[in-house]
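Written out below as structure tokens is the structure these notes cover.
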Amino acid sequence: MPELYSGRRLDRPRSAGLRRPTFDPDSFALFSERVARFLGTGRYLLIQTIIVAIWMGLNVAAVAWRFDPYPFILLNLVFSAQAAYAAPLILLAQYRQSDRDRISLGEDRNRAERTHADTDFLARELAALRIAIGEAITRDYLRGECQLPRAWDHLS
């Protein structure tokens, strides 16, 4: 039985249809780290304090420009929105930092193991050299056995 709609099968999704926008998770994480670093600076606190002081000054003193009366509900809404976005960004930055710390700890552990292995190897080599030197014929031993005259013997 031939298909009526040969190019369109309704039981299979189209592959070349809608394309979803893609984003790089690392670039978003880097952005969140920059935001988290900025939120923790004195510069940010100073800017925020100046904005809040201007906001309150305009709404208390300047009657003509009053857009948020005394309880400052709009200001509270702005702070809530800021906190709603800042908290996840800060958490994402902390997760990335903990991942970096975990990787760094693993690298430090591997480096310490290699250093320990190298130190053990050098200690064994040094012990082998001490044993070999102890069994080697020294100049004094050879002179004593051959009874060679020493340079200062003719002086006595």
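The values are calculated or read from the model by the stated rules, or taken from the named source; none is laboratory data. Everything numeric in this text was worked out from a predicted model, so none of it was measured. Cβ atoms come from the backbone with ideal geometry, glycine included; neighbour counts cover every protein chain shown.
Looking only at region 43-57, decide whether some residue is surrounded by 10 or more Cβ atoms within 10 Å (Cβ to Cβ) and not in a helix (DSSP H, G or I). No, region 43-57 has no match at all.
Within the set D99, D68, the sole residue that is under 30 Å from D26 (Cα atoms), surrounded by 11 or more Cβ atoms within 10 Å (Cβ to Cβ), at pLDDT below 90 and of a type outside the set (K, R) turns out to be D99. Here is the figure for region 22-31: residues that are surrounded by 13 or more Cβ atoms within 10 Å (Cβ to Cβ) and modelled with pLDDT under 85 total 1. Whether any residue in region 61-70 is in contact (Cβ under 8 Å) with a residue 12 or more places away in the chain and touching a Gly at 6+ places or on another chain (Cβ under 9 Å) is what I want to check. No, because not a single residue in region 61-70 is in contact (Cβ under 8 Å) with a residue 12 or more places away in the chain and touching a Gly at 6+ places or on another chain (Cβ under 9 Å).
Within region 41-57, residues that are within 23 Å of Y70 (Cα to Cα) reach partners that are modelled with pLDDT under 95 with beta carbons closer than 8 Å, at six or more positions or on different chains, in the pairs V52/L75; W55/D68; W55/F72; W55/L75; M56/F72; M56/L75. Scanning region 83-94 turns up one or more residues that are of a type in the set (G, A, S), in contact (Cβ under 8 Å) with a residue 12 or more places away in the chain and surrounded by 10 or more Cβ atoms within 10 Å (Cβ to Cβ).
To keep it simple, each residue is scored yes or no on (1) under 16 Å from G40 (Cα atoms); (2) of a type in the set (F, W, Y); (3) in a helix (DSSP H, G or I).
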| residue | (1), (2), (3) |
| --- | --- |
| R66 | no, no, no |
| A86 | yes, no, yes |
| L92 | yes, no, yes |
| S98 | no, no, yes |
| D108 | no, no, yes |
